[in-house]
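Inspection log for the structure reproduced underneath, given as structure tokens.
Each reported figure results from applying straightforward, stated rules to the coordinates on display, with no laboratory input. These numbers come from a predicted model, not from an experiment. Glycine also receives a Cβ, built like all others from the backbone with ideal geometry; neighbour counts cover every protein chain displayed.
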Amino acid sequence: MRDFSQDHRWLSINTATVRRSRGVELPLPRIIEACARRGIRAISPWRDQVAAAGLGPISRLVRTHGLELSGYCRGGMFPAVDAAGLAAARDDNRRALDEACELGAACLVLVVGGLPGALAGRAAHKDIALARSQVRDGIGQLLEEARRANMPLAIEPLHPMYAADRACVNTLEQALDLCDELDPSGAAAARAALGVAVDVYHVWWDPKLRQQIERAGRSRLHAFHVCDWLTPTTDLLNDRGMMGDGVIDIARIRSWVEAQGWAGYSEVEIFSTGNWWRRDHEEVLDTCIARHRSAV
Ligand code: ZN
């Protein structure tokens, strides 16, 4: 297992972590500059942040600073109520794929979606099996294009509390079942076309976690996201903790991932309306560096 205590060369910042500074939206170019000043070598930006600043300018800025992208957030949201909705999702995912390629991302992260309408508080139906079959079909279609573009797709299983509104893929086992079904040759590849993003926030509780990380192997491990699970958690979405402030044994999970040959970035991904987004982003980034050394 790599020693992170001496430096932060394997730290990546998911730019949602500092999307607000002192409660105010922080433009992506300023986030990039602040990361680069600290010798942070990788980021994982969100599409809305890239769109606000422009794909071209961000692409140039990333190259100017020699930054890597540990991932691109995000594609997915496949389920829909009708054919037009499914087609719109397909088109949007194609655009996400193009952007990921333009930015040179390591993978396109997929948050697959749940019941259509649920995110807006009005689920169109209760058929989660239907949603899951639409997810399977949607990933299958996107995978063809991802192969041509040589851009790995990373299914991110989300904690089951998001099954209705954000992702009906909720365990690593379920995600890997999809990988094996849609990309059977990937298991033997050096880098599978379809793999997973392991986010400790979503999967730390899973009794099968170690077993499923071993099943994923190096070929299907495309991203490793870290933050912490606070007790109590006061918001289902936006109360993620800084590494070391909660109950997740992050180092243990990292040891399992690295035992499979994972040697990529630990990507800090914190959504925190009540705490970290209220602070100055410079302080947040410095804290990420310190905790990357001490608690990851
Ligand atoms: Zn994540």
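Quick check on the range 111-147: of everything there that is among the charged types (D, E, K, R) and under 19 Å from Val196 (Cα atoms), which residue is surrounded by the fewest Cβ atoms within 10 Å (Cβ to Cβ)?
Ranking the candidates gives Glu144 first.
Considering only the range 206-222, I want to know if a residue exists there that is part of a loop (DSSP other than H, G, I, E, B), over 24 Å from Ile40 (Cα atoms) and either under 19 Å from the mean Cα position of the chain (by Cα) or among the aromatic types (Phe, Trp, Tyr) (or both).
Taking every residue of the range 206-222 in turn, at least one turns out to be part of a loop (DSSP other than H, G, I, E, B), over 24 Å from Ile40 (Cα atoms) and either under 19 Å from the mean Cα position of the chain (by Cα) or among the aromatic types (Phe, Trp, Tyr) (or both).
In this structure, is Asp3 within 19 Å of Ala295 (Cα to Cα) and either aliphatic (A, V, I, L, M) or surrounded by fewer than 13 Cβ atoms within 10 Å (Cβ to Cβ) (or both)?
Yes.
If I ask for residues that are hydrophobic (A, V, I, L, M, F, W, C) and either part of a helix (DSSP H, G or I) or free of Cβ contacts under 8 Å to residues at least 12 places away in the same chain (or both), which ones from the range 228-274 would you list?
Listed by number, the residues that qualify are Ile250, Ala251, Ile253, Trp256, Val257, Ala259.
For Glu267, are the conditions met, namely being surrounded by 22 or more Cβ atoms within 10 Å (Cβ to Cβ) and among the acidic types (Asp, Glu)?
So Glu267 passes the test.
Of all residues in the range 23-44, count the ones that are touching a Pro at 6+ places or on another chain (Cβ under 7 Å) and touching a residue at least 40 places away in the same chain (Cβ under 8 Å).
Counting residues in the range 23-44 that are touching a Pro at 6+ places or on another chain (Cβ under 7 Å) and touching a residue at least 40 places away in the same chain (Cβ under 8 Å) gives 0.
Residues in the range 250-262: is at least one farther than 21 Å from Asp3 by Cβ, surrounded by 19 or more Cβ atoms within 10 Å (Cβ to Cβ) and within 15 Å of the ligand (Cβ to nearest atom)?
The answer is no; no qualifying residue exists.
List every residue pair whose Cβ atoms lie under 7 Å apart, where the two residues are 6 or more positions apart in sequence or sit on different chains, the first residue falls within the range 1-18 and is over 18 Å from Arg279 (Cβ atoms) and touching a residue at least 60 places away in the same chain (Cβ under 8 Å), and the second residue, located anywhere, is charged (D, E, K, R) and away from the ligand (no atom under 15 Å from the Cβ).
From the range 1-18, the pairs are Met1/Glu258; Arg2/Glu258; Phe4/Arg293; Ser5/Arg293; His8/Arg293; Trp10/Arg2.
Can you list the helices (runs of 4 or more DSSP H) found entirely within the range 1-120 that contain at least 3 residues being under 16 Å from the mean Cα position of the chain (by Cα), at negative phi and within 16 Å of the ligand (Cβ to nearest atom)?
47-53
Please state which of the following conditions Ala175 fails to meet, knowing it meets all the rest: (1) in a helix (DSSP H, G or I); (2) away from the ligand (no atom under 16 Å from the Cβ); (3) free of Cβ contacts under 8 Å to residues at least 24 places away in the same chain.
The failed condition is (2).
Mind listing just one residue for me: the one in the range 275-287 that is part of a loop (DSSP other than H, G, I, E, B) and charged (D, E, K, R) and, of those, surrounded by the fewest Cβ atoms within 10 Å (Cβ to Cβ)?
Only one residue tops the list, namely Asp280.
Can you give me the number of residues within the range 234-284 that are polar (S, T, N, Q) and more than 21 Å from Ser294 (Cα to Cα)?
4
Of everything in the range 178-202 that's within 15 Å of the ligand (Cβ to nearest atom) and under 12 Å from Arg220 (Cα atoms), which residue is surrounded by the fewest Cβ atoms within 10 Å (Cβ to Cβ)?
Among those that are within 15 Å of the ligand (Cβ to nearest atom) and under 12 Å from Arg220 (Cα atoms), it is Gly195.
Could you list, in sequence order, all residues of the range 121-149 that are outside any helix (DSSP H, G or I) and in contact (Cβ under 8 Å) with a residue 24 or more places away in the chain?
Passing the criteria: Ala123, Ala124, His125.
Kindly provide the set of residues from the range 72-87 that are more than 25 Å from Glu102 (Cα to Cα) and surrounded by fewer than 16 Cβ atoms within 10 Å (Cβ to Cβ), ordered by number.
Val81, Asp82, Ala83, Ala84, listed by residue number.
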